[in-house]
Every structure is written in structure tokens, then in C-alpha cells.
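Taking it in order: structure first as C-alpha cells, then the write-up.
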Ligand code: ASP
């Protein structure tokens, strides 16, 4: 089946959102205590110059994008629960895969699929709008054992772009497919196409109107919202995945860092699995995630030092901000970000789920 290239223009009702999955430490039940639950840490001062890992013995982490932090006093219990639930659901999906002995690739795909289907995040359903009121989605996935990778860019009819990216990795001889060819490949591989209406959400539409100066947005937490995941499996193989709708009001045809291997996504056994979120052009120019791996492999830095160096020291000098979830081969995890906030969560090998959505749970690194 072939999809008419611009059939989506006619309903003009689609909205896109970028999703990034990051695991954050949050109580499993969103607040009450449970034996496998870790409460979010007490507010702590912003760690100036921090290059210490956030957690150890992590097997899976997800992020839901960098941008403006959620403000505790202005966030309703329902909204807090929705964000934490979204991240936890993604973590649980990845955990289920790991528990049954699946690979880290399967685990990150499962986690990102959940975030792509959650309208709160800017990936899959809920993706942001392009300047011409459409949706163009980007995603990539990488396997650390052999550096195989797959990506799709600018797809308009794929419900779960990370699954299409995995199919590119596993079923084609290429690394990245873009545009119509990528949409057609996904259909040829058996993925049921969606219309642009699938991605639509009122919130993303309001953000587009806001960006065009037509309507003031009341949303403070939305700014980005790309999703991503990193994992390590029982064989110690690592994987990373990132999926996004890109940036609100982006030019038609614009491709960000999320589908670019070495920019938005990188995984290499022995160094790091990393998924980034932030100003995509800067992450491409700074080769963000590959540089983290290289600083570890050739520069003698640990995962916290390397990701801090890239996110806090180097990328802001290029004029952009954002964050990364980074997991090393021993389960040491860090999520440094120069943006005000970054939604994320993680799962430890003994089954604890942690989510972080408020600024004081995950202050920006300086
Ligand atoms: N990095 C994404 C992009 O530039 C946006 C984001 O992370 O929210 O497309």
C-alpha cells in the first residue's frame, strides 16, 4: 500500500508531539509507600559543577523531554500523577521485556512505544506541529553489541516511529530512511499506517498558535517532550532509543538530532547507552551522544563526567540547552541537563522504580 504524499493536508487537524523516555525516580504508586517503591528525594540545592552519577545498579531509564520544569506548587495532583504514571508505565513495559529475558533493544522499544502512545509526550500521539500544521516524526535506535542502528526521519503516517526505526535496523541494509520512503517501508514491513489526525492534541495545537503569536499558551511544562530510553540486558548488551515530533513550528522537512546516530542516540557496549533531548541543531553540531562515548573510551572519563562535560560545558557554548539519560556498562546512571527541567525515571536491578518530574527532584546542572 502506498500513502498519498500530502493527503494529511486536507483534514488539517493533526497535532504532533515529541516524546522522550527517561526513567526518573518516583514512587511506584505516585506517592504512597510500597516495598518496591522509592520516594522522590527531598528537595536539594542545585548541584553546581556536579559530575556525580544519579544512581547505580540501573538497568533501564526513560526520559520525557527537557524543557521547562514542572513547578510543584502549580501542578495539580492529577497532572503530577499523569506524568509519573506515563513514565512508570514505560519503565514497567521495559521491565517486563527484561524480566522475560528479552534484549535491551526490545526493552527500549517497549518503553518508548508506551511514551509514543501517551499524548502527554512529544512523540507518536501528542507530537508537536510543524509550521504548516502537520506532523513529521523522527526516531532512532542503536544496539551496543555491534553498533547496528536504525532511524526514520520525517515520517507522517507511522504510529510508533521507534518500531519503524528498529525495522530499518533489522530488516534493511540501511541506517536511516526519510520521508515517503520511510512511511512506505513501515507499511511494507506490516505496520498499520495512521492518518495525521492520530497525532493531534489540542495542547500541541495551542502551542503552535502560541508560536505563531496567535494565542497565548498557558502551558509551562510543555516546551519539548521528546522521549527516549536506555537499557542493559542480562548479557550486558546495551541499547538506546529516542523518538520525537521535533520542535513546535519547525519548517517542513526539518530533521532534528533524535534520528541522528551519535547526536540524539548512541549505544556502545563498554561505554554508554545515551538518549538526548533538547535543541536538536546544537546536539547534531556537538555530536552529543557520540562525544559522551568517546570521552569515556578515549578520554578516561566516567559516565557522569563525560555527560556533564558535553551537556553542561560544551553544548551551551554552541547556543543550546537540553539533557541526556546516560547509562554505563556497570549500571551507573546519570541524567545531566542544562535545561530547567527534564522528566525522567529509572529502574534498578532490584526492581525499584524512580521518577523525577519537578525541578527540585532534578535540578539543572551548572
Ligand atoms: N531534540 C528534539 C529535536 O530537536 C526536540 C526535543 O528534544 O524535544 O527535534
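The numbers here are math on the coordinates, done by the rules we state, and not lab data. It should be emphasised that the depicted structure is a prediction, and the values quoted were computed from it without experimental measurement. No Cβ is skipped: glycine too gets one built from the backbone with ideal geometry, and neighbour counts run over all protein chains shown.
Okay, here's what the table says:
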read-out: Residue list for the range 179-192, restricted to those being touching a residue at least 40 places away in the same chain (Cβ under 8 Å) and over 20 Å from residue 253 (Cβ atoms); value: 187
read-out: Single unsatisfied condition, residue 58 versus (1) within 20 Å of residue 333 (Cα to Cα); (2) within 16 Å of the ligand (Cβ to nearest atom); value: (2)
read-out: Filter result for residue 281 (over 14 Å from the mean Cα position of the chain (by Cα) and near the ligand (Cβ under 10 Å from one of its atoms)); value: yes
read-out: Residue satisfying condition, being under 14 Å from the mean Cα position of the chain (by Cα) and either under 24 Å from residue 104 (Cβ atoms) or buried (at least 24 other Cβ atoms within 10 Å of the Cβ) (or both), within set 260, 272, 303; value: 260
read-out: Residue under evaluation residue 315, criteria (1) part of a loop (DSSP other than H, G, I, E, B); (2) within 16 Å of the ligand (Cβ to nearest atom), criterion not met; value: (1)
read-out: Flag for residue 124 being at positive phi, in contact with a helix residue (DSSP H, G or I) (Cβ under 6 Å, 6 or more places away or on another chain), touching a residue at least 24 places away in the same chain (Cβ under 8 Å) and not in a helix (DSSP H, G or I); value: yes
read-out: Residue, surrounded by the most Cβ atoms within 10 Å (Cβ to Cβ), within the range 160-178, restricted to residues that are touching a residue at least 40 places away in the same chain (Cβ under 8 Å) and more than 17 Å from residue 106 (Cα to Cα); value: 176
